[in-house]
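The values are calculated or read from the model by the stated rules, or taken from the named source; none is laboratory data. From a predicted model like this one, the values you see are computed outputs, not experimental measurements. Counting neighbours? That spans all protein chains shown, and the Cβs are built from the backbone with ideal geometry, glycine included. Side chains are part of the model used for accessible areas, which takes the heavy atoms of the whole protein and leaves out ligands, DNA and RNA. Shrake-Rupley method; radii C 1.70, N 1.55, O 1.52, S 1.80 Å.
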Amino acid sequence: MPIPSGARYQVGRVDFTVVNDGTYWYDAGAIFGVVPRVMWERVAPPLDERYRIPLGLNCILLRSRGKTVLVETGVGGKPGDRDNATPAEEGTLLTSLAALDVAPEDIDVVVNTHLHADHCGWNTSEGGDGTLHPTFPNATYVINAQEWHDATHPNERTRATYLERNVAPIADRLELADGEHAITDELHFVPAPGHTEGHSTVVIRSGQEWGVYLGDLVQHRAQLERTAWVSGLDILPLVSMETKRQLVDRCIEEQALVIFCHGDYPGVGRLERTEQGYRRWVGVGDGATG
Ligand SMILES: [Zn+2]
């Protein structure tokens, strides 16, 4: 069964398409952190026999000011990359791009919100002789400078997810961002610390409209709807909570289109406030403007 691809949306004059690297299975307890299981199991989908829940791997493809930009690269296709993901035969980011007639050579800019292994796997590929190379041979890779430092100096906790194979081969292709960074005048890379210190979001601005790709601000929609539900995977949980509070409030007030990496495909929606003062995620179906 092929992975879906091609859900198209619009923010002002910027079109984007959600491309997909399959589904990734991750330990639910790690995602929900200190939230008791009796609370999260009411809202999380059923666990598999290894207590994992499925996470989408939604990446976005867009064209802005003549540049073809890919935001996030999923888990990848190198040996070991898909151990916790759906098999490559069911489709990957590259097949999802190919379905849109986009070849790896066509990508001018790759943006990684951070460098955990489920967000940058397709940064690199392995050749037949076992050597690693950048998957997108003509691309510049936009990454936060702090994140690059942390990913290339992993510690005991981060070593399992900051993988040398995803970062070393792109070291001479970097456009490191120190703070807010304009990729084009309508596409901005904006720090959103908490999940990692250098974690960043991607903001699309065009006319009066805006949209934001959240990266790993949350991993489950229940964490978008509840301020105190902070991921157990966050390195700076209290910073993460404040970042989320401020960003989510703005998204509600200004009716931003929200793109949610680990949501069910395509993971695009808006947030609204409920009468009880909670927030509610409302998905916007695929092909909304296509
Ligand atoms: Zn993630």
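When only residues in the range 186-233 that are assigned to a loop (DSSP other than H, G, I, E, B) and of a type in the set (Ser, Thr, Tyr) count, which is most open to solvent (accessible area, probe 1.4 Å)?
The residue in question is 227.
Hey, residue 9 hits all of (1) crowded, with 20+ Cβ neighbours inside 10 Å; (2) of a type in the set (Phe, Trp, Tyr); (3) free of Cβ contacts under 8 Å to residues at least 60 places away in the same chain but one; which does it fall short on?
With respect to (1) crowded, with 20+ Cβ neighbours inside 10 Å; (2) of a type in the set (Phe, Trp, Tyr); (3) free of Cβ contacts under 8 Å to residues at least 60 places away in the same chain, residue 9 is out only on (3).
Answer yes if at least one residue in the range 71-84 is more than 14 Å from the ligand (Cβ to nearest atom), open to solvent by 60 Å² or more (accessible area, probe 1.4 Å) and either without any contact (Cβ under 8 Å) to a residue 40 or more places away in the chain or within 19 Å of the chain's Cα centre (by Cα) (or both), and no otherwise.
Yes, because at least one residue in the range 71-84 is more than 14 Å from the ligand (Cβ to nearest atom), open to solvent by 60 Å² or more (accessible area, probe 1.4 Å) and either without any contact (Cβ under 8 Å) to a residue 40 or more places away in the chain or within 19 Å of the chain's Cα centre (by Cα) (or both).
Conditions tested, residue by residue: (1) touching a residue at least 40 places away in the same chain (Cβ under 8 Å); (2) in contact with a Pro (Cβ under 8 Å, 6 or more places away or on another chain); (3) more than 14 Å from the ligand (Cβ to nearest atom).
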residue: 206; (1), (2), (3): yes, no, yes
residue: 216; (1), (2), (3): yes, no, no
residue: 258; (1), (2), (3): yes, no, yes
residue: 263; (1), (2), (3): yes, no, no
residue: 266; (1), (2), (3): yes, yes, yes
residue: 275; (1), (2), (3): no, no, yes
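Checking residue 236 against (1) within 16 Å of the ligand (Cβ to nearest atom); (2) surrounded by 19 or more Cβ atoms within 10 Å (Cβ to Cβ); (3) of a type outside the set (Phe, Trp, Tyr), which single condition isn't satisfied?
Tallying (1) within 16 Å of the ligand (Cβ to nearest atom); (2) surrounded by 19 or more Cβ atoms within 10 Å (Cβ to Cβ); (3) of a type outside the set (Phe, Trp, Tyr), residue 236 fails exactly one: (2).
Select, from 145, 117, the only residue that is open to solvent by 10 Å² or more (accessible area, probe 1.4 Å), modelled with pLDDT of 95 or more, within 15 Å of the ligand (Cβ to nearest atom) and at negative phi.
Only one candidate passes the filter, namely 117.
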